[in-house]
Amino acid sequence: MTDLRRRKPHGVTSRAVLGALGAVCSLSIASSAAAQVVTVSDLSLARSVSLASDSYLGGLDVADDGTVFAFSNMGELIFRVGSDDSVNRITSGVIHNNQFRGDLRIGRDGLIHRVPTSELSFPVQRYSVDGTRQADLALIQAGTNLLGTSLDFDCRNDAFAAVRVATLYRITPSGVVSPVQSSYSFDHVDEVEAGLDNVMYLAEAPGGSDALMRLAPDGTVTSYAAISGANLRAAAVDFSNGDVYAATSTAVYRLRDGNGNQQIDDASEWEVVMTGSDFYDVGYGPSAAGGGYSLYVQTSDALHEIRGLVMPSGDCGPHIDDDGDGACELGLDANADGDCLDPGEATAAADCADDDPTRFPGATDACDGIDNDCDGSADEDFATLGDPCSAGIGACVGAGTL
């Protein structure tokens, strides 16, 4: 998605780059796919692109022009769906396991990152947008047969990868791998989805019951949403307001934490957005037609775009140093890790403009009518500002203010 959330929802690929792609394999498509019904008045089903030749889809992301990149297990490929509904394969022969989904995300470097569902080891692979294989970002537990299922980047551009073991991994932009430290025992993670303030949402199966879990930056895992009889298998976060869209096999839900208690309490805080069948993944990104954001929904044989979301501001949450100046809306980034989530960092010395790297606590105050150092006053370092003054001699004297 366009880099508007931290990086901003996922990708940074430009129209110019996409337009420069080499020859790829075009698939025939139909103008409509299996019937799906949108049920909420503020959203509308804008288009459905048939992908019937490549069933069992899993894993998608959206570039900054509304181009969708997605992974198909049974088809062993990564494909691209353009804003004009064109469908092109950009890779083939991807190793897969029919029982599990893979996942992919577009990173800040403009590369497609993906986790395969079956490898002798567990790599985080990278491809350019034309399908050319690049150097892997990382290799997890070399020599071990693992099944990767999900991948996403947080606001610091760290990747979180889930595998079919009781471990969730964090991978830094330089490829350093470490397990996520938590007292929670991960069991059956089908989805990892980044939210505001570096919160991660996990489609999990704690105690054998499917639920959407909330992973806080300190490693605390709590239940976020559980809908009776629903297998919550995928999620996407609206970075303009924090709403979470969760997909089950038969419906897509909008989850809205109305009382701010960091969980969905009951049916008053969710609504069905879309009904149908075989929902495998949901994504969030710029509308293909421009002028807003959309929810993208993968089914077993189609890609659906639901329009009506607004463009996010680029703010990744009040605890994140969005503009990289060492401060966030709630305090100072003392350890320079890109957020103010660590002990002692949520202080009164807060960033008054987290979208402007020249304005932060401790900045040099300029005589410009702006509060540069975020102390609540503008130009206070200029004691004589506004004092009367004059210049010139005799008949040429002019009066004014400093």
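Values for this structure:
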| item | result |
| --- | --- |
| The listed residue being touching a residue at least 40 places away in the same chain (Cβ under 8 Å) and more than 24 Å from residue 154 (Cα to Cα), out of 374, 396 | 374 |
| Flag for residue 41 being small (Gly, Ala, Ser), touching a strand residue (DSSP E or B) at 6+ places or on another chain (Cβ under 8 Å), modelled with pLDDT of 70 or more and surrounded by fewer than 19 Cβ atoms within 10 Å (Cβ to Cβ) | no |
| The stretch 369-399, residues that are at pLDDT 75 or above and touching an Asp or Glu at 6+ places or on another chain (Cβ under 9 Å) | 369, 370, 371, 372, 373, 374, 375, 377, 378 |
| The one condition in (1) open to solvent by less than 40 Å² (accessible area, probe 1.4 Å); (2) touching a residue at least 60 places away in the same chain (Cβ under 8 Å) that residue 292 fails to fulfil | (2) |
| Single residue of 94, 87 found to be in contact with a Phe, Trp or Tyr (Cβ under 8 Å, 6 or more places away or on another chain) and modelled with pLDDT under 75 | 94 |
| Tally of residues being within 20 Å of the chain's Cα centre (by Cα), crowded, with 16+ Cβ neighbours inside 10 Å and not charged (D, E, K, R) across the stretch 224-262 | 18 |
| Matching residues in the stretch 302-333 - criterion: being under 18 Å from residue 46 (Cβ atoms) and modelled with pLDDT under 90 | 302 |
| Filtered residue count, the stretch 325-360, keeping only those that are open to solvent by 20 Å² or more (accessible area, probe 1.4 Å), out of contact with any Ser or Thr (no Cβ under 9 Å at 6 or more places or on another chain) and not aliphatic (A, V, I, L, M) | 15 |
| Single residue of the stretch 361-370 satisfying the filter (open to solvent by 60 Å² or more (accessible area, probe 1.4 Å) and of a type outside the set (Asp, Glu)) that is farthest from residue 219 (Cα to Cα) | 367 |
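For (1) under 21 Å from the mean Cα position of the chain (by Cα); (2) surrounded by fewer than 23 Cβ atoms within 10 Å (Cβ to Cβ); (3) at positive phi; (4) modelled with pLDDT of 95 or more, each residue gets a yes or a no:
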position	(1), (2), (3), (4)
110	yes, yes, yes, no
119	no, yes, no, no
122	no, no, no, no
134	no, yes, no, no
141	no, yes, yes, no
145	no, yes, no, no
188	no, yes, no, no
192	yes, no, no, no
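The values are calculated or read from the model by the stated rules, or taken from the named source; none is laboratory data. Nothing here was measured: the structure is a model prediction, and the numbers come from that model. In this analysis, Cβ positions are derived from the backbone assuming ideal geometry, glycine residues included, and neighbour counts consider all displayed protein chains. Only protein heavy atoms, including side chains, enter the accessible area calculation; ligands, DNA and RNA are left aside. Shrake-Rupley method; radii C 1.70, N 1.55, O 1.52, S 1.80 Å.
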